[in-house]
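Reviewing the structure listed below.
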Amino acid sequence: MDDSKIIELYFERDDRAIKETQIKYGKLCHKIAYNILNNYEDSEECVNDTYVGVWNAIPPTRPNNFMSFVCKITRNLSLKRLEFMKREKRSADVLVSIHELEGVLPDERYAADVSDEDIGKLISDFLYTQKEDVRNVFIRRYYFFDSIKEIAVEFSFSESKVKNMLFYTRNKLKDYLIKEGVEI
Amino acid sequence: MKTPRIVNAIGHIDDDLINSATKSKKVAKKNIWIKWTSLAASFVVIIIVAAVAVPTLFGDGNTTLPVVSGDNTTINNSESATPTTNDNGATTAPTVNQDTTHINNAEPTTSGGNDNTTTATNNDSTTKPVLGHEAVLSEAYFYNVSEGVFSTYILCGKVISEDKIGSKIDDVSVSAGWKNNANEWLTTETLRAEVYLINDISKDVAVALKFIDKGDALTTTHYYVIMNPEADLTPVKDYLIRPLEPNNAGDEVAGEVVKNELAEEYVVEYTTQFVNE
């Protein structure tokens, strides 16, 4: 079903909206949650919470991009759950990803009065200046938390190439954020 | 653990970027096998083209005479040449006696490795090219067995290596010496030689001579092939210094040595390969 029709179902408060969302984006949501939580049951719960979140958000929100809207909700819920869970249950892979990202812009180096939304916009601007494959690899790693191996398979790159791409992109992003004055 | 802010910040990147990343298609994997096969094929093509265009790169190792050009070129080397072994085990005879040989060349020549460019004497008093070879010698060294069954054999084969030599079958006396263009003996000498069988070759077709006495243009260490011009020389065609050429334009030899096609001209031509070192 087309995204706009699914959104219309939400606006009509038709519970087929959740069913259609599950059919179309359930697998993607589950993958994001599993990448972060590394646990099937926790992931399933997060995905279910995602449907509830979407149901509560629409209406009044009418997302322009329904897919990314759903993914964002899943990602945020999964990260919140990750904070809540004990350390030993966390995925080693997502921890590596988070640690890599933290190196780009540690919390203590955030400039004052800069919001996460501002940083997100700057990161978007930066990514638009990168090559498409570099950009997509970066997002797959740090937004969807895909493993290096999965990305390598998906893009037909070697794992070392993926690691190199991410390394250089992180460094460039760090320089960009310093230049923009959001990292002190 | 608190989630770093930048992780949350990335959650706010543009929807289009997220869309693009989820819809990214697999990049067609570069096929290494195709890449290397193409490279190898290109290399083979280059080699073939080079082989056709520059045959000297793929010579059979036969000794060739120096390329000469212009009229009345005189090769004047006091150093003697050493026989060389080629791919099929046969060895070419030392090149011309460079102290005495004069090459009269009407036109510039080119030397090809497979072509065994050689020089030849003429039986006529006038100088003319012989069988496609532009270089013509004014003097050449000849030898033949003085008497016995091998006296009719001619010297048109290569010097061959010892591993192709069979048992000794005879001792003979050989008349040798230099001839001029008019087929007149300039010098003569009589040499003792041993006759050896060549492996897998009938003595009625060809035998090898090993000289006991060193001649003016012959060594005592090499085996010189002489052949029966009346025999079918197909079994020893590899030992010919150069494949026979058709006697008449339009004839095709096709790798076969046709019996009785050994013209005197041919003999004369290749005689000059057997000169001293």
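Each value in this text was obtained by applying a stated rule to the coordinates, not by laboratory testing. Just so you know, these numbers come straight off a predicted model, no measurement behind them. Cβ: placed from backbone, ideal geometry, glycine included. Neighbour counts: every protein chain shown.
Quick check of the Kirkwood formula: for the range A:48-131, what is the inverse mean of 1/r over all pairs of different Cα atoms, in Å?
Numbers: mean 1/r = 0.0650 Å⁻¹.
Roughly 15.4 Å, rounded to one decimal.
Placing +1 on the Cβ of every Lys and Arg and -1 on the Cβ of every Asp and Glu, with no other charges, gives the range A:1-74 a dipole of roughly 240 debye about its Cα centre. For the range A:95-109 versus the range A:147-184, the spacing of their alpha-carbon centroids is 13 Å.
For the range A:3-85, compute Rh as the Kirkwood radius over C-alpha pairs and then the Stokes-Einstein diffusion coefficient at 37 °C and 0.692 mPa s; write the answer in µm²/s, rounded to an integer.
For these conditions, the coefficient is 262 µm²/s.
For the residue pairs A:Lys19/A:Lys80; A:Lys24/A:Lys172; A:Lys80/A:Lys161, the C-alpha atoms sit more than 27 angstrom apart in A:Lys24/A:Lys172; A:Lys80/A:Lys161. Each of the trypsin sites (Lys or Arg not before Pro) that DSSP puts in a loop and that has at most 14 other Cβ atoms within 10 Å breaks chain A; the longest unbroken stretch is A:14-85. Per-residue mean of foreign Cβ neighbours for A:148-161 is 1 (Cβ atoms of other chains, 10 Å radius).
For the range A:71-184, the fraction of C-alpha pairs farther apart than 18 angstrom is 54 percent.
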